[in-house]
Number of protein chains: 2
Amino acid sequence: MALKQSGKADIVDVARAAKVSASTVSRCFNHPELVNPATRKKIERAIAKLGYIRNRAAQAMHGKRSGTIGLIVPTINHAIFAEVVQSFSDSVEQAGFTILMTSHGYDLDREYDVLRKLLEHRVDGIALIGLAHSEKTYTLIEQQEVPCVAIWNHDAASRVSCVGAENFAAGRMAAEHIAGLGHRRVGMIFPQTDGNDRAQGRLDGAWAVLDEIGVEVPEAWQMESPYSIAQAKEAVAELLSSADVPTALICGNDVIAQGAVYACLKLGVRVPEDLSVVGIGNFKGSLEMEPGLTTVHIPAQDIGRIAGEQMVAAVAAETSETVRVRCDLDLIVRETTRGFA
Amino acid sequence: MALKQSGKADIVDVARAAKVSASTVSRCFNHPELVNPATRKKIERAIAKLGYIRNRAAQAMHGKRSGTIGLIVPTINHAIFAEVVQSFSDSVEQAGFTILMTSHGYDLDREYDVLRKLLEHRVDGIALIGLAHSEKTYTLIEQQEVPCVAIWNHDAASRVSCVGAENFAAGRMAAEHIAGLGHRRVGMIFPQTDGNDRAQGRLDGAWAVLDEIGVEVPEAWQMESPYSIAQAKEAVAELLSSADVPTALICGNDVIAQGAVYACLKLGVRVPEDLSVVGIGNFKGSLEMEPGLTTVHIPAQDIGRIAGEQMVAAVAAETSETVRVRCDLDLIVRETTRGFA
DNA sequence: CGGTTTTATGAAAACATTTGCAATACTATT
DNA sequence: AATAGTATTGCAAATGTTTTCATAAAACCG
């Protein structure tokens with residue numbers, strides 16, 4: 001009986017090589033204190049020799065944890081998600097979990113499909129971005145009783161646990177800053193709000209402020225732009241080329257704001273002298289750009305980390321109470337806004 | 001015998017509910033053409049009613065595919081990886097796989113550990129970034145005979161399949177452009193090259209050109225900066241504040257280049273009149289920034305997609321021949337470089 | 001209508017592991 | 001030295017699914 005060479009060794013091969021039973025090898029991994037140090041050494045040697053790697057799938061069959069956390073994001077290809085995903089993943093990896101990640105490209109039906117897929121893999125928990133999900137998605141999560149945390153938004157009435165900031169408040173903050181500086185001719189440029197509760201919340205928050213103080217925004221100054229510097233730059237350039245131009249611009253996020261500032265640079269519109277620009281997010285790069293972007297800081301790193309901690313706690317606890325953590329926002333005034341007399 | 005309500009239904013529960021055997025239910029998933037449409041309907045109804053979700057772990061035990069691809073990245077929190085990861089992941093998801101993703105923070109020992117972990121989960125394939133990995137890592141991959149593709153670098157002598165560009169060539173291209181413009185007073189700013197073969201290759205390529213034409217670079221003009229706009233900005237600002245200043249700057253990547261341009265904007269150094277800046281990567285944002293960044297385009301999206309296709313082909317084929325795909329680079333001249341008389 | 005194919009289904013073995021229970025060997029106590 | 005207790009190990013059952021093989025029912029054909 002020849003030794004198997006390539007990575008096909010299983011637990012009984014190891015057992016044979018170490019001249020013990022499979023149970024003992026198993027115990028060696030899961031309850032090492034129960035096995036004699038001498039035996040353990042033999043087994044470890046056999047494992048190394050055969051290049052044995054235990055099979056998590058077989059463990060998972062015993063109702064044991066799979067050791068994976070499912071993470072569903074709209075896309076990773078955005079600075080902001082990259083940051084939150086990174087800190088979330090660091091946080092859960094520290095507890096020994098691995099991330100199973102999928103993206104759905106802002107399509108809520110696809111979100112449901114990938115969720116099912118993650119559940120097939122018996123993830124120990126599910127993390128989602130935002131709180132806008134289809135009814136099917138929510139029902140499935142509840143029915144499967146899998147620990148779940150929504151990252152990015154806070155809502156006191158959320159259907160699942162959540163860790164994040166209030167987008168409405170973020171929108172308010174940006175608008176209040178602009179209004180407080182005396183601006184009354186205000187433009188807005190936001191991403192599409194369908195299936196994107198983050199953008200929707202921010203937009204509503206901004207409107208709330210403007211309505212309060214009776215500022216009207218002409219149609220032409222209400223712009224929509226995807227999450228893309230290029231497209232935001234283009235949209236804003238068009239606005240700035242028209243005869244009637246606002247004195248301030250509220251942007252749905254920092255990427256759009258960055259595009260707006262570039263449009264100004266290109267057209268020779270001075271920021272902030274001619275146009276004040278405020279973003280939301282405080283992404284990497286917003287600090288360093290010239291001029292430094294005034295923005296509402298969303299603590300992406302904290303959110304990711306806390307969400308991760310919350311996730312492992314929920315998985316460990318087996319209890320399924322809904323936890324909601326609100327992370328604070330900060331207005332960061334840099335060089336792209338200034339008072340309007 | 002009460003129906004189980006919550007997600008604990010297994011295949012025999014479904015079988016019972018549909019009054020068939022477990023085998024038939026299984027077939028219904030895996031070889032639907034073999035089961036009578038009427039029976040299939042009954043089964044589907046039972047599945048829906050019980051909220052059954054099949055257990056991938058149990059499937060994986062049968063030597064079947066796990067349906068997951070392991071992806072190991074240094075970090076996702078960088079524009080450039082985000083882009084390549086996104087397109088890789090789209091590409092393999094299209095073929096029905098899910099990504100198991102982990103990061104190691106540029107620590108090759110940790111890379112080995114997470115690789116083991118992915119193998120425990122019986123991933124069907126492994127994707128890595130770059131070709132610089134520890135001996136242990138390579139041995140493990142070979143020994144386990146798991147399909148593997150290295151993303152980002154091309155090397156004709158690579159130990160595993162690879163899809164990417166030649167970083168040496170990228171460095172050459174950037175340097176040739178600068179040299180071709182007549183610059184002889186050249187500074188360089190690159191990331192640390194330990195355990196980062198991408199940066200190393202680019203740096204070597206740039207040096208090759210400079211050596212050929214006999215350009216010497218003073219110590220003070222050879223800078224190191226992490227992948228951070230802020231830190232690059234700072235480093236370059238310091239350089240520009242000294243008495244002796246180069247006329248051109250070769251940057252190891254676009255993020256560093258962006259920091260360099262910002263440093264110039266801040267200090268009133270005109271780009272490109274006073275200083276030419278060239279980057280490598282052509283990240284999102286390099287086109288739109290003002291002035292537009294001259295850079296070497298690395299087709300991240302293509303690389304990710306092709307790597308994904310290569311991965312699923314390798315998993316399907318069972319054959320383990322090493323495939324190497326070289327993706328072409330392009331010099332993109334924008335507004336940050338110009339001739340030096 | 002009897003034989004032959006085809007189609008549809010079930011029974012049971014197999015997959016790699018964990019774990020409860022039982023058995024054995026060893027140590028301490030009296 | 002006998003007893004009780006403890007430390008260590010093995011056996012066998014269990015986990016949820018797939019698959020091979022066998023069987024039964026239906027369809028076809030002359």
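The values are calculated or read from the model by the stated rules, or taken from the named source; none is laboratory data. Being a predicted model, the structure only gives us computed values, none of them experimental. Don't worry about glycine lacking a Cβ; one is built from the backbone with ideal geometry, like all the others, and counts go over all protein chains shown. These accessible areas exclude ligands, DNA and RNA; they are computed on the full protein's heavy atoms, side chains included. Shrake-Rupley method; radii C 1.70, N 1.55, O 1.52, S 1.80 Å.
Listed values, structure above:
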quantity: Every residue from the range B:294-331 that is among the polar types (S, T, N, Q) and touching a residue at least 40 places away in the same chain (Cβ under 8 Å); calculated: B:Thr294, B:Thr295, B:Gln301, B:Gln310, B:Ser320, B:Thr322
quantity: Residue in the range B:212-220 that is at negative phi, open to solvent by less than 20 Å² (accessible area, probe 1.4 Å) and over 18 Å from the mean Cα position of the chain (by Cα) present; calculated: yes
quantity: Subset of the range B:181-212 [β-branched (Val, Ile, Thr), at pLDDT 95 or above and closer than 26 Å to B:Asp155 by Cβ]; calculated: B:Ile189, B:Val209
quantity: Single match in A:Arg110, A:Arg27 (criterion: within 16 Å of DNA strand D (Cβ to nearest atom) and outside the structural domain of A:Ser286 (by TED's automatic domain parsing)); calculated: A:Arg27
quantity: Complete set of residues in the range B:139-159 that are β-branched (Val, Ile, Thr) and either crowded, with 20+ Cβ neighbours inside 10 Å or within 25 Å of B:Asn282 (Cα to Cα) (or both); calculated: B:Ile141, B:Val146, B:Val149, B:Ile151
quantity: Filter pass, B:Ala208 being free of Cβ contacts under 8 Å to residues at least 60 places away in the same chain, surrounded by 21 or more Cβ atoms within 10 Å (Cβ to Cβ) and closer than 25 Å to B:Ile129 by Cα; calculated: no
quantity: B:Tyr138 being modelled with pLDDT of 95 or more, more than 30 Å from B:Asn55 (Cα to Cα) and hydroxyl-bearing (Ser, Thr, Tyr); calculated: yes
quantity: Answer from B:Gly171, B:Gly164, B:Gly130 - the residue that is touching a Cys at 6+ places or on another chain (Cβ under 8 Å) and surrounded by 20 or more Cβ atoms within 10 Å (Cβ to Cβ); calculated: B:Gly164
quantity: Residues of the range B:281-303 classified as more than 19 Å from B:Val85 (Cβ to Cβ), surrounded by fewer than 20 Cβ atoms within 10 Å (Cβ to Cβ) and more than 9 Å from chain A (Cβ to nearest Cβ), total; calculated: 1
quantity: Matching residues, the range B:230-243, being open to solvent by 30 Å² or more (accessible area, probe 1.4 Å) and not polar (S, T, N, Q); calculated: B:Ala230, B:Glu234, B:Glu238, B:Ala243
quantity: Residue list for the range B:207-229, restricted to those being within 14 Å of chain A (Cβ to nearest Cβ) and aliphatic (A, V, I, L, M); calculated: B:Ile229
quantity: Output for the range A:178-213, where each listed residue is among the charged types (D, E, K, R) and assigned to a helix (DSSP H, G or I); calculated: A:Asp197, A:Arg198, A:Arg202, A:Asp204, A:Asp211, A:Glu212
quantity: Selection status of A:Lys136, open to solvent by 20 Å² or more (accessible area, probe 1.4 Å), within 13 Å of chain B (Cβ to nearest Cβ) and within 25 Å of A:Ala316 (Cα to Cα); calculated: no
quantity: Options B:Ala169, B:Ala127, B:Ala150, B:Ala174: the member that is modelled with pLDDT of 95 or more and within 14 Å of chain A (Cβ to nearest Cβ); calculated: B:Ala127
quantity: Qualifying residues in the range A:249-280 (those that are assigned to a loop (DSSP other than H, G, I, E, B) and buried (at least 24 other Cβ atoms within 10 Å of the Cβ)) - the one nearest to the chain's Cα centre (by Cα); calculated: A:Asn253
quantity: Close pairs from the range A:24-50: first farther than 22 Å from A:Lys64 by Cβ, partner within 12 Å of DNA strand C (Cβ to nearest atom) and open to solvent by less than 60 Å² (accessible area, probe 1.4 Å), Cβ under 7 Å, at least 6 apart; calculated: A:Thr39/A:Val20; A:Thr39/A:Thr24; A:Ala46/A:Val14; A:Leu50/A:Ala9; A:Leu50/A:Asp13; A:Leu50/A:Val14
quantity: Top-ranked residue of the range B:87-123 - restricted to ones that are open to solvent by less than 20 Å² (accessible area, probe 1.4 Å) and in contact (Cβ under 8 Å) with a residue 60 or more places away in the chain, ranked as nearest to the other protein chains (Cβ to nearest Cβ); calculated: B:Ser89
